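**Student:** So that we are looking at the same thing, I have put the structure below in structure tokens.
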Amino acid sequence: MNDLFNSFMSGPNEQGRFGDFGGRFVSETLMPLILALEAEYEKAKTDDTFWAEMDDLWKHYVGRPSPLYFASRMTEELGGAKIYLKRDELNHTGAHKINNVLGQIILARRMGKTRIIAETGAGQHGVATATVCAKFGLKCVVYMGAHDVERQQPNVFRMRLLGAEVVPVTSGRGTLKDAMNDAMRDWVTNVRDTFYCIGTAAGPHPYPAMVRDFQSIIGKEVRWQLPEQEGEGRLPDTLVAAIGGGSNAIGLFHPFLDDPSVNIIGVEAGGKGVNAKMEHCASLTGGRPGVLHGNRTYLLQDDDGQILEGFSISAGLDYPGIGPEHAWLHDTGRAKYVSITDKEALEAFQFSCRTEGIIPALEPSHALAHVMKLAPTLPSDHILVMNMCGRGDKDIYTVAKHLGQDMGESEGRSID
């Protein structure tokens, strides 16, 4: 293996940098908390009792390992590559988010924190955080853009059932970026008892690396599950995952970064098209480096450096940036990043329902839309693994509206 690929699993450096990306851009008030979290995580990484608790909860509470499922009808209908779906939508709470939330909240308890705050877009991170807080008896406050509250009502109701306070954020366009802004303001104000549970592989160091490490259970399972079905030593030829901030994707990708034979593809939200000004969230396609939410990465911004309001049918991908490790993988060429439009994602959503009886979230529907383009171009012995990172219960009203279907009166009726 050459030196370039030897380096990929070693980041970030001591300053929390992946090449030119990442770092720690926070107020002086937050620095002691960030440093305390970094120290606690560094200690936990080599603590067998920490990982024993994680393994027990992953197995008995989350339901891991999630299946690696051969999608035979998809494969037959598309032709070309064999398609496997990593079924993380079967986790407790219906998405990959709980993998990371468990780890962070165990750390919070070790640090003596009694109040947990979180941001959420599609609501899956909020639901996972509310769920784990309920299990451990912790106070939970979830910041969610007012726009997302409207289009993700099923998840809002779940969070409230679980005892969380859901705070609608009306600033900006009322989406994930704005929710993260308000969560960070809360954190600065309540440093004594509050732990900020970030849901994606972004934010100030150590969050991007910490979230990645917790989510890497996804790719680690694929490494032993695929040989059980395809023969000893068999690796995927191609990995595909949707990307907003990028936690599900880096969780699948990271255990394979040092395997140069494995092609890696991240799929951004192309909204109404990457040529449509401010109507997409493809920051690697239409953005440039800048600083937001404590880290340096690719961002959608205007000529003056002001952050633009992106757009996506998917609340979980509706973010004008990307995790710093993805920015680094993009610039080094280790991973390829493409974009998929809302229309293509809706077609993939229906394709999954029709061929495999799996109702996907709109987030992995973006990844599947690219699989639908790619698989027919590949040989039949090519193995393609896609992360089905969330189930579609939360999105049925949004999809129904865009397909012109009348579902009657519903709190989840609004998208615009």
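Only the coordinates and a few stated rules stand behind these numbers; no lab work does. Owing to the predicted nature of the structure, the values given are computational and were not obtained by experimental measurement. When we count neighbours, we look across all protein chains shown, and the Cβ atoms used for this are built from the backbone with ideal geometry, even at glycine.
**Student:** Over all alpha-carbon pairs of the chain, lay out the pair-distance distribution in 10 Å bins, whole %, shortest bin first.
**Tutor:** Bin by bin from 0 Å, the calculated values are 5, 24, 36, 26, 8, 1.
**Student:** Ok, one more. Pick from 213, 304, 20: which residue has the top mean-square fluctuation in a GNM of the chain where Cα pairs under 10 Å get a spring?
**Tutor:** 304
**Student:** Still on this structure, I have one more. Run lengths n ≥ 4 of DSSP H only: what is the helix-derived mean residue ellipticity at 222 nm for the chain, with -39500 (n - 2.57) per run over all residues, to the nearest 500? Write out the running numbers ahead of the final one.
**Tutor:** Values: 17 runs with 170 residues, N = 416.
When only DSSP H runs of four or more count, the value is -12000 deg cm²/dmol.
**Student:** What residue among 407, 204, 8 has its Cα farthest toward the positive end of the dipole of the chain, where the charges are +1 on Lys, Arg and -1 on Asp, Glu, each on the Cβ?
**Tutor:** Ranked along the dipole, the leading option is 407.
**Student:** Need one number: nm distance between label points at residue 60 and residue 223, each 7 Å from Cα along Cα→Cβ, rounded to one decimal.
**Tutor:** 2.6 nm
**Student:** Quick one: which residues, 5+ away or cross-chain, put their amide H under 5 Å from the amide H of residue 311? H built at 1.01 Å from N.
**Tutor:** Placed amide hydrogens put 280, 281 under 5 Å from residue 311.
**Student:** Sticking with this one: Take peptides 89-99, 328-338 and line them up by average Cβ neighbours within 10 Å, highest first, as a rough protection proxy.
**Tutor:** On the way: 89-99: 25.5, 328-338: 19.0.
With the highest mean Cβ count within 10 Å placed first, the list reads 89-99, 328-338.
**Student:** By DSSP, what percent of the beta bridges with both residues in the chain are antiparallel, rounded to the nearest 5?
**Tutor:** On the way: 15 of 49 bridges.
Beta bridges within the chain, antiparallel portion: roughly 30 percent.
**Student:** Identify all aspartates and glutamates with a Cα-Cα distance to residue 82 below 12 Å; exclude those on the same chain that are fewer than 8 residues away in sequence.
**Tutor:** 230, 237, 381
**Student:** Peptides 185-192, 378-385: what's the order by average Cβ count within 10 Å, highest mean first? Write down the numbers at each step before the final one.
**Tutor:** Working: 185-192: 13.2, 378-385: 16.8.
Order by mean packing, descending: 378-385, 185-192.
**Student:** Under a Cβ-Cβ limit of 4.7 Å, which cysteines in the chain have nobody to pair with?
**Tutor:** 197, 281, 353, 389 - these cysteines have no disulfide-compatible partner (Cβ-Cβ under 4.7 Å) in the chain.
**Student:** Apply 1/(1 + (r/R0)^6) to the Cβ-Cβ distance of residue 331 and residue 45, taking R0 = 25 Å, and write down the FRET efficiency to the nearest 0.05.
**Tutor:** Working: r = 27 Å, r/R0 = 1.08.
The formula returns an efficiency of 0.40 here.
**Student:** Going down the table (97/220; 177/401; 59/177), which pairs top 26 Å between alpha carbons?
**Tutor:** On the way: 97/220 16 Å; 177/401 24 Å; 59/177 32 Å.
The answer is 59/177.
**Student:** Here's a follow-up. Any chance you could tell me what percent of the C-alpha pair distances in segment 289-416 go past 22 Å?
**Tutor:** Percent of Cα pairs beyond 22 Å in segment 289-416: 48.
**Student:** Also, I was wondering about something else. Under a 5 Å amide H to amide H cut-off, with H placed in plane at 1.01 Å, what residues pair with residue 116 once short-range neighbours are removed?
**Tutor:** Distant-sequence amide H within range of residue 116: 139, 140, 141, 195.
**Student:** Radius of gyration and Dmax for segment 1-120's Cα atoms, expressed in Å?
**Tutor:** So, for segment 1-120, Rg and Dmax equal 19.1, 57 Å respectively.
**Student:** Turning to a different aspect of this structure: What fraction of the DSSP beta bridges in segment 32-169 is antiparallel, stated in percent and rounded to the nearest 5? Could the numbers behind the result be given before it?
**Tutor:** Working: 3 of 14 bridges.
Expressed as a percentage, antiparallel bridges in segment 32-169 total about 20.
**Student:** When the gyration tensor of segment 231-334 is built from Cα positions, what are the square roots of 5 times its three eigenvalues, in whole Å, from largest to smallest? Before the final figure, lay out each step's value.
**Tutor:** Working: eigenvalues 148, 42, 23 Å².
Working from the Cα gyration tensor, I get semi-axes of 27, 14, 11 Å.
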